[in-house]
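This report refers to the structure that appears directly beneath it.
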Amino acid sequence: MKKKLKLGLFGFGCVGQGLYHVLHEIQGVKAEIKKVCVKNRNKVRPVPDSFFTFDKSDILDDPDIDIVVELIDDATAAFEILKEALPKGKAVVTANKKMLAEHLEEIYELQKKSGKPFCMKDQSAEAFRSSGTSKSIMTTTSFKVSREFSTAPRTTS
């Protein structure tokens with residue numbers, strides 16, 4: 001039997017809340033969100049305060065967390081999170097196009113060194129593929145690695 005994956009989320013907007021609800025409402029999913037890092041201490045949220053942290057190290061230094069899901073809109077902060085997560089043995093999932101555009105080669109090297117999956121939203125990858133930006137990196141790394149988490153057929157939206 002496969003172990004239950006533990007996720008650490010950065011950001012709890014629409015996508016983060018949606019992921020939380022899907023993982024808590026669907027039976028049989030082998031993943032759970034252990035902790036969510038947010039920046040606004042005063043925002044009212046639909047889950048208990050104990051679920052949240054304001055310190056990224058609570059996620060990045062937690063040996064039980066397997067996957068970091070980055071859902072923030074700050075490309076610089078997102079890259080800092082990724083730079084710490086991959087060397088610490090955590091897989092990373094992102095949809096931050098600006099971070100990808102600014103740091104793709106560095107991300108590729110970090111992923112290669114860590115050997116951990118780095119996954120991106122298909123539309124983010126498609127933007128690079130369409131423009132020809134770093135085409136060899138995209139085709140050799142991100143697409144192949146991103147399929148490691150998926151058991152469902154890949155669809156386009």
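The values are calculated or read from the model by the stated rules, or taken from the named source; none is laboratory data. Note that the structure is a prediction, hence the values are computed from the model and not measured. Cβ: placed from backbone, ideal geometry, glycine included. Neighbour counts: every protein chain shown.
Test K43 against the stated conditions and say whether it is exposed (fewer than 11 other Cβ atoms within 10 Å of the Cβ), modelled with pLDDT under 95 and over 21 Å from P117 (Cα atoms). Criteria met by K43.
Number of residues in segment 60-91 that are buried (at least 20 other Cβ atoms within 10 Å of the Cβ) and more than 20 Å from N40 (Cβ to Cβ): the value is 8. Looking across segment 55-75, the residues that are in contact (Cβ under 8 Å) with a residue 12 or more places away in the chain and either more than 19 Å from G115 (Cα to Cα) or of a type in the set (F, W, Y) (or both) come down to D55, K56, D58, I59, L71, I72, D73, A75. Specify the residue that is surrounded by the fewest Cβ atoms within 10 Å (Cβ to Cβ); the eligible residues are those in segment 15-30 that are closer than 20 Å to K56 by Cα and among the hydrophobic types (A, V, I, L, M, F, W, C). Result: V15.
Taking every residue in segment 107-119 that is without any contact (Cβ under 8 Å) to a residue 40 or more places away in the chain and surrounded by fewer than 17 Cβ atoms within 10 Å (Cβ to Cβ) and pairing it with any residue that is outside any helix (DSSP H, G or I) and not aliphatic (A, V, I, L, M), at least 6 positions away or on another chain, the pairs with Cβ-Cβ distances below 9 Å are G115/G89.
Scanning segment 85-99 for residues that are among the aliphatic types (A, V, I, L, M) and within 19 Å of F12 (Cβ to Cβ) returns A85, V92, V93, A95, M99.
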